[in-house]
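Each remark here refers to the structure printed beneath this line.
Coordinate-derived values only; no laboratory data. This is a predicted model, so every value here is computed, not measured. Here Cβ is always computed from backbone atoms with ideal geometry, including for glycine, and neighbour counts include all displayed protein chains.
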Amino acid sequence: MRDGLMLLAALVACLIGMGWLALSLEAHWQQVRGTASRSAVLVRSLRCLGAAALACALALCLRVDAASIAVLVWLMGLAAAALAVALTLSWRARALGVLVFWAGR
C-alpha cells in the first residue's frame, strides 16, 4: 500500500513538473493566463520548480523499486504526464492556471 502511494505521488510530481515546464514557455503561458505578464524571474522559477518536481518523482520511484525498474517507471510517468499536459493545453488550457496561483492576474 505504501509503495503504491509513493508511486502515485511520483506520478503527480511528474504531472506538476511537466505543467510547470510547459508554463515556462511563452505560447503556453498565453494559453493559460492570456495577457498576464510574466517576468524572467517567474520563467526561471517555473523551470527550476519543474526540474525539481521531476527529480522528486525520480527519487520517489527509486525508493520503491530497484534502479532499473524505477527509471523505467519514471520514464513512463514522464511520458504519461507530458501527454496529459498536452491534452489539457489542447482542450482546457485554463485548468493549468492552478499551478501558478501565486503569479497574480
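Structure notes:
- DSSP H segments from the chain that extend 15 Å or more along their own axis, Cα-based, with Kyte-Doolittle mean of 0.0 or above: 2-23, 40-64, 67-91
- Sorted peptide list for 24-31, 9-16, criterion being average Cβ within 10 angstrom, highest first: 9-16, 24-31
- With neighbour counts taken as other beta-carbon atoms within 10 Å, the residues Arg92, Arg63, Arg33 rank, fewest first, as Arg92, Arg63, Arg33.
- Option label - Kirkwood radius over Cα pairs in Å computed here, alternatives (1) 13.6; (2) 19.6; (3) 14.1: (3)
- Estimated at 0.36 nm per residue, the fully extended path between Ile69 and Asp3 surpasses their Cα-Cα distance by 22.4 nm.
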